[in-house]
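Written below as structure tokens is the structure these notes are about.
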């Protein structure tokens, strides 16, 4: 893309904390906020919180979220528990999408990359060997048809030579789509898989309005990240020198919108190849940084594909990618749990069972179902563990091994009193039932899928 000529570190108010060369800024990062794991990893100073990508993959399989069995290497099967998580993330994203006022557009999963200007757009991935070509009956390439590696080829194939009505801008399009990418044999893991779904947004607007739309989208991205990880993230902004918004004022406004530490890397390039500014909100997974949300301000492709407004000008374009479930949020949750950066639980919003009731004896079963009933009515995924003949310690240990977020023990006291929520994490917490439920229920309902998602165990030998 270009050589980094200048680096700035800004706080959430847009104040410049440090400015210097690329070689010096990692040392500066470590001194800014030692408690921020993303900063530590960006500075390559986080040896005490480490796991491996293999650890994360094996744990995801043990928790029956995904499976590597039966498919070619790099292709994963999402199991019912993983589907619950994916559906929960999609439901969580709905409020984010509503804030961007999107309109859903489903694009083809195949595009023709044989001719200009599509070749110029897709060549980088083709040269890296990242694309899947579609073969004809004789085994040769079928006229340049390629499986989509992103939503952009389908979008620009559709809108080439289009004329947009300026009066109807801004216009945001949401394109949830399966995409396919090649990776080397040593690259594939739970995050880098050949097939995955992308929740992409494209916002068309007038060039004079593009900065405000970018900042608006960035603020939503930061708020969504903070929901899961509070302030334990870093915002990295790559800005091409000489482009329209490569200014200190825009960089400071981006830092304020991001709500956390921002690293601005200014890149020297003759002209932007793909974007003028690119934002990534990065979170530490315990073994690498994961870009949970990203945006791009595109000053290239409207011109490349001759997309104009009815005034004759090229429109501004913002690309945004929301948090993804299985290939982004899941490895973050597992990796952070394994490395000690977070609890060893699947968040209740996304868990297979959000609450499990544990009656101590047969006489407590009725009370457990009485407590579970209102939660079922509210759409909370609730279970009653009827293995009350097993020691309670063993039952709780099993729940913790399954990364169960919350459980309630039901004994004699609970026959007449409210139970107390207990966390399945490494450090158990004793939480007041009604107060905690009132606090948490809005978040649980935000992540409730619009359509029912079955949570019955797999009917295979050994599956639980």
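The values are calculated or read from the model by the stated rules, or taken from the named source; none is laboratory data. Remember, predicted model here, so these are calculated numbers, not experimental data. Here the Cβ is made from the backbone with ideal geometry for all residues, glycine too, and neighbour counts use every protein chain on show.
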Within the group 75, 92, which residue is farther than 20 Å from residue 285 by Cα, out of contact with any helix residue (DSSP H, G or I) (no Cβ under 9 Å at 6 or more places or on another chain) and outside the structural domain of residue 404 (by TED's automatic domain parsing)? 75
Among the numbered conditions (1) part of a loop (DSSP other than H, G, I, E, B); (2) at pLDDT 95 or above; (3) loosely packed, with under 15 Cβ neighbours inside 10 Å, tell me where residue 389 comes up short. (2)
Pull out all pairs, ordered by first then second residue, where Cβ-Cβ is under 6 Å, the residues are six or more apart or on different chains, the first lies in the range 67-80 and is on the phi > 0 side of the Ramachandran plot, and the second is in a strand (DSSP E or B). none
With the structure loaded, tell me whether residue 138 is modelled with pLDDT of 95 or more, assigned to a loop (DSSP other than H, G, I, E, B) and either farther than 30 Å from residue 329 by Cβ or in contact with a strand residue (DSSP E or B) (Cβ under 9 Å, 6 or more places away or on another chain) (or both) or whether it fails that test. no
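Any chance you could count how many residues in the range 398-454 are in a loop (DSSP other than H, G, I, E, B) and surrounded by 15 or more Cβ atoms within 10 Å (Cβ to Cβ)?
Going through the range 398-454 one residue at a time, the tally reaches 12.
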If you check residue 371 against the conditions, is it crowded, with 19+ Cβ neighbours inside 10 Å, within 30 Å of residue 290 (Cβ to Cβ) and in contact with a helix residue (DSSP H, G or I) (Cβ under 9 Å, 6 or more places away or on another chain)? no
Anything in the range 444-464 that is out of contact with any helix residue (DSSP H, G or I) (no Cβ under 8 Å at 6 or more places or on another chain) and either assigned by TED's automatic domain parsing to the domain that holds residue 228 or modelled with pLDDT of 90 or more (or both)? List them, or say none. 444, 445
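A quick yes/no check of all residues on (1) outside any helix (DSSP H, G or I); (2) touching a helix residue (DSSP H, G or I) at 6+ places or on another chain (Cβ under 6 Å); (3) surrounded by 15 or more Cβ atoms within 10 Å (Cβ to Cβ):
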{"site": "98", "(1), (2), (3)": "no, no, no"}
{"site": "106", "(1), (2), (3)": "yes, no, no"}
{"site": "149", "(1), (2), (3)": "yes, yes, yes"}
{"site": "177", "(1), (2), (3)": "yes, no, yes"}
Residue hits (the range 306-320; buried (at least 22 other Cβ atoms within 10 Å of the Cβ) and outside any strand (DSSP E or B)) are 315
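Restricting to the range 255-271, count the residues that are free of Cβ contacts under 8 Å to residues at least 60 places away in the same chain and either in contact with a strand residue (DSSP E or B) (Cβ under 7 Å, 6 or more places away or on another chain) or within 11 Å of residue 211 (Cβ to Cβ) (or both).
Result for the range 255-271: 1.
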Any idea which of 359, 331, 347 is touching a helix residue (DSSP H, G or I) at 6+ places or on another chain (Cβ under 9 Å), surrounded by fewer than 23 Cβ atoms within 10 Å (Cβ to Cβ) and either in contact (Cβ under 8 Å) with a residue 12 or more places away in the chain or within 20 Å of residue 457 (Cα to Cα) (or both)? 347
Within the range 422-442, is even one residue touching a helix residue (DSSP H, G or I) at 6+ places or on another chain (Cβ under 7 Å) and farther than 20 Å from residue 86 by Cα? yes
Taking the range 183-224 as the search range and keeping residues that are in contact with a helix residue (DSSP H, G or I) (Cβ under 9 Å, 6 or more places away or on another chain) and part of a loop (DSSP other than H, G, I, E, B), which one is nearest to residue 14 (Cα to Cα)? 206
Those residues of the range 50-72 which are out of contact with any helix residue (DSSP H, G or I) (no Cβ under 9 Å at 6 or more places or on another chain) and under 19 Å from residue 352 (Cα atoms), in sequence order: 58, 61
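May I ask you to say which residue of 323, 257 is within 30 Å of residue 15 (Cα to Cα), assigned to a loop (DSSP other than H, G, I, E, B), within 23 Å of the chain's Cα centre (by Cα) and modelled with pLDDT of 95 or more?
Going through 323, 257 in turn, the sole match is 323.
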